[in-house]
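Below is one structure, written out as structure tokens; the observations come after it.
Taken together, the values in this text are just the output of simple stated rules run on the coordinates, not laboratory data. It should be emphasised that the depicted structure is a prediction, and the values quoted were computed from it without experimental measurement. With ideal geometry, Cβ positions are generated from the backbone for all residues, glycine too; neighbour counts draw on all protein chains shown.
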2 protein chains.
Amino acid sequence: MSRIALVDDDRNILTSVAMTLEAEGFEVETYNDGQSAFEAFSRRMPDMAVLDIKMPRMDGMDLLQRMRQKTSIPVIFLTSKDDEIDEVLGLRMGADDYVKKPFSQRLLVERIRALLRRQEAINTGEAAATEETRMMERGALRMDPLRHSVTWKGKEVALTVTEFLLLQALAQRPGFVKSRDQLMDVAYDDQVYVDDRTIDSHIKRLRKKMRSVDDTFSAIETLYGIGYRYNEE
Amino acid sequence: MSRIALVDDDRNILTSVAMTLEAEGFEVETYNDGQSAFEAFSRRMPDMAVLDIKMPRMDGMDLLQRMRQKTSIPVIFLTSKDDEIDEVLGLRMGADDYVKKPFSQRLLVERIRALLRRQEAINTGEAAATEETRMMERGALRMDPLRHSVTWKGKEVALTVTEFLLLQALAQRPGFVKSRDQLMDVAYDDQVYVDDRTIDSHIKRLRKKMRSVDDTFSAIETLYGIGYRYNEE
DNA sequence: CCCTTAAAATTGCTGCTGCCTTATTGTTTT
DNA sequence: AAAACAATAAGGCAGCAGCAATTTTAAGGG
């Protein structure tokens, strides 16, 4: 069974997440800071590591950098601020995934499983089908529901949860209209009513973000009186 | 079966809520503005009314005021801004309840049912036990989960959902400590992790709001290293 | 083709949340 | 006691969501 190292300065995260992971059948070791984790790793390397970015003594970035000189085990970052995410994504510093705080433990477990599966596939020489199958590609749009990451015309676009859900619903069937009501159903729990114009607001912000990548083509079209439609170019 | 009048300028609310209420077995009539509702009411009065505050031609406040000259049927206001709520509460203008937008239809149905029950009890001369049974009283604190309203030392205090849940959990057992973990369980879905300090933040804001009513006594006590405790005076 | 009206886009604002930083308070050690 | 350490409080900030107000765009009727 896989041994997972958990490094975070918040003891509450450590114990709580550790319990969850152990319940899921993983073997877990926990560390309060990068320094002590690093020392332990030099004695015995875990199968994968979950690191908080911000920590006393040695932060997640430093730790990863030093780890990478010795090993290539999968690493997941825990991040709280958006600029930290940018750093993880932008610098391509060797992290395999990241999870934004506050996070659901269910999600973290999913990610861990996904990475371990991929690792397994690599080790046995299989094609890593997991990532490919979950990706959604529609024209120049690539969405990864698991990682919650979106690429538009090759560039990473940071979407909020609501924006992501709406875009996903629209892109699911390019060329078909979706009414605001249908879009609400996707983005909200049943029974919760929000204003029609609120959907418009989210579409507005979506368009703005996509426009910042390419302002010559608008993928989300308005059907006057009906709703919205996603078009491939 | 009860006839309910629904008055709102947003057609989406009208149709959506009307459908729900009809599915719940109510007889529903809808109006786009206060003026037409008023005219209809003068012909035949419904058993109860749900009014949007802000409307063209005649707004909910005006409508209610005119209605009150003829009838005392239960009225629920739909409000979106906090100052509107203050108005409803502060002016005591004869509304029986209010629901904040965005609202869940389930909640609205609950409120309607509650008011109709109370009305029924009044008509038949029974004691209206509904409100009393659902109220929670702990010392100078009164909490009404259904209305989501809180009174501290006689004064209305506006709490957010999270604050309400935390205070409710604490006040449930005066004199007993609750750890941050326990409080998290109350306020958050299972599996979602938030920082310990975030609980502190909510407690901070709770205290601040309660302090603005009375700054000589603090009902929420800190147990160093343990958690928080609610004390009756 | 212009005018009217309805729908949608945009801008801007507010409330809630979560976390960070700094200051304070409480606890333990010496 | 005083110092060292840990936990908490206070203030403040940024992201997100939802809505309102205003402007712009589209549709339909003369």
> Shape call for the protein assembly as shown from the C-alpha gyration tensor, a ≥ b ≥ c root eigenvalues: rounded (a/c under 1.5), prolate (a/b greater than b/c) or oblate?
Replying inline: oblate
>> With angles folded into 0 to 90 degrees, how steeply does helix A:82-91 sit against the dominant principal axis of chain A? Use alpha carbons for both and round to 10.
In response: 70 degrees
> For chain B, modelled as a Gaussian network with Cα springs under 10 Å, which listed residue fluctuates most, B:V99, B:V177, B:V75?
Replying inline: B:V177
> Sorted from shortest, what are the nm distances separating the label point of B:F176 from equivalent points in the other copies, each placed 7 Å from Cα along Cα to C-beta?
Replying inline: 5.2
>> Please compare each pair in A:K178/B:K204; A:K101/B:K209; A:K209/B:K208 to a cut-off of 32 Å on the Cα-Cα distance and tell me which ones are over it.
In response: A:K178/B:K204; A:K209/B:K208
>> Consider the operator that turns chain B into chain A: which B residue has a Cβ nearest its axis, and what is that gap in Å?
In response: B:D189, 6
>> With +1 assigned to the C-beta of every Lys and Arg and -1 to the C-beta of every Asp and Glu, and no other charges, what is the dipole magnitude of the protein assembly as shown about the Cα centre in debye, to the nearest 20?
In response: 400 debye
>> Using the Kirkwood formula on the Cα atoms of the stretch A:135-230, what hydrodynamic radius do you get, in angstrom to one decimal?
In response: 13.5 Å
>> So, R0 is 25 Å and r is the distance between the beta-carbons of B:K81 and A:N231; what FRET efficiency does that work out to, to 0.05?
In response: 0.10
>> Please compute the length gained on full extension between A:K70 and A:D47, using 0.36 nm multiplied by the number of residues separating them and subtracting their Cα-Cα distance.
In response: 7.0 nm
> Non-local amide H neighbours of B:V28 (under 5 Å, H modeled in plane, Pro and chain starts lacking H): which ones?
Replying inline: B:I4
> Given label points at 7 Å from Cα along Cα→Cβ, what nm distances, shortest first, separate A:K54 from the same residue in every other copy?
Replying inline: 3.6
> Hey, got the average number of other protein chain Cβ atoms within 10 angstrom for residues in B:187-200?
Replying inline: 4
>> Please compute, for peptide B:32-40, the average count of beta-carbon atoms on other protein chains lying within 10 Å of each residue's beta-carbon.
In response: 0
>> Just to confirm the filter: which trypsin sites (Lys or Arg not before Pro) across the stretch A:30-88 are DSSP coil and have at most 11 other Cβ within 10 angstrom of their Cβ?
In response: A:R44, A:K70
>> Just to confirm the number: angle between the C-alpha axis of helix B:11-23 and the first principal axis of chain B, 0 to 90 degrees, nearest 10?
In response: 90 degrees
> Can you give the Kirkwood hydrodynamic radius of chain A from its Cα pairs, in Å with one decimal?
Replying inline: 19.6 Å
> In sequence order, what are the phi-derived ³J(HN,Hα) couplings for the stretch B:143-157 according to the Karplus relation 6.51 cos²θ - 1.76 cosθ + 1.60 with θ = phi - 60°, rounded to whole Hz, with x for glycine and proline?
Replying inline: 10, 10, x, 5, 8, 6, 10, 10, 10, 10, 6, x, 9, 5, 10
